[in-house]
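Enquirer: Following this message is one structure expressed as structure tokens.
Just so it is clear, none of the values below were taken in a lab; they were calculated from the coordinates. None of the values given here were measured: they were computed from a predicted structure. A quick note on method: Cβ atoms are made from the backbone with ideal geometry, for glycine too, and the neighbour counts reach across all protein chains shown.
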């Protein structure tokens, strides 16, 4: 089994060594030793980091990604968690699609001013209600 030092892992994955050290500090991955001052990893680190990257891209927190690994460091994915995340992504896509459509409408609207556009004014009212209902100003129009 060929061990990889942290610089080799960083080079092969495109992930900064500082991020790899951070993932180790958070308990997502584990080094198997050291060569001088450099951490050493087994070849499975490449798959582990690919899973971490995929999870982060899908919007999972580091704590959620940590739960995707079994005690042996191998992937142990919960199908229910994956279904729930897929449903969440579907909702985000729907909200973003509505927002995209509104932005296109506003950009193309022939009204002399955006504030004179009935559809834009209606969407502003809806946006205000959504913000008040959610308790934060971060919810997208939808």
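Enquirer: What percentage of all Cα-Cα pairs in the range 79-134 are separated by more than 14 Å? Don't skip to the end; give the middle numbers.
Expert: Details: 1016 of 1540 pairs.
Of the Cα pairs, 66 percent sit more than 14 Å apart.
Enquirer: Hey, fewest Cβ within 10 Å first, where do 115, 1, 68 land in order? Could the numbers behind the result be given before it?
Expert: Values: 115 9, 1 6, 68 19.
The fewest-first ordering by Cβ neighbours comes to 1, 115, 68.
Enquirer: How much FRET efficiency would the formula 1/(1 + (r/R0)^6) give for residue 120 and residue 82, where r is the Cβ-Cβ distance and R0 is 30 Å, rounded to 0.05?
Expert: Values: r = 38 Å, r/R0 = 1.26.
Efficiency for this residue pair is about 0.20.
Enquirer: Once the Cα atoms of helix 79-108 and of the chain are each reduced to a long axis, what angle between those two axes, in degrees from 0 to 90 to the nearest 10, is obtained?
Expert: 40
Enquirer: Also: Please report, to one decimal in angstroms, the Kirkwood hydrodynamic radius of the range 4-66 built from all distinct Cα-Cα pairs.
Expert: Numbers: mean 1/r = 0.0855 Å⁻¹.
Averaging 1/r across every pair of different Cα atoms and inverting gives 11.7 Å.
Enquirer: Full-extension gain between residue 7 and residue 66, please, as 0.36 nm times their residue separation minus the C-alpha to C-alpha distance.
Expert: Details: separation 59, 0.36 × 59 = 21.24 nm, distance 2.26 nm.
In short, 19.0 nm is gained.
Enquirer: Order by neighbour count: 78, 127, fewest other Cβ atoms within 10 Å first, most last.
Expert: On the way: 78 12, 127 17.
Fewest to most other Cβ atoms nearby, the residues stand as 78, 127.
Enquirer: Just rank 6, 15, 103, 52, fewest to most, by other beta-carbon atoms within 10 angstrom. Don't skip to the end; give the middle numbers.
Expert: On the way: 6 21, 15 17, 103 12, 52 24.
Listed from fewest to most nearby Cβ atoms, that is 103, 15, 6, 52.
Enquirer: How many nm separate the modelled label positions at residue 25 and residue 50, each set 7 Å beyond the Cα in the direction of the Cβ?
Expert: 2.8
Enquirer: Moving on. Rounded to whole Å and sorted largest first, what semi-axes of the equivalent ellipsoid does the C-alpha gyration tensor of the chain yield via the square root of 5 times each eigenvalue?
Expert: Numbers: eigenvalues 415, 57, 30 Å².
In descending order, the three semi-axes are 46, 17, 12 Å.
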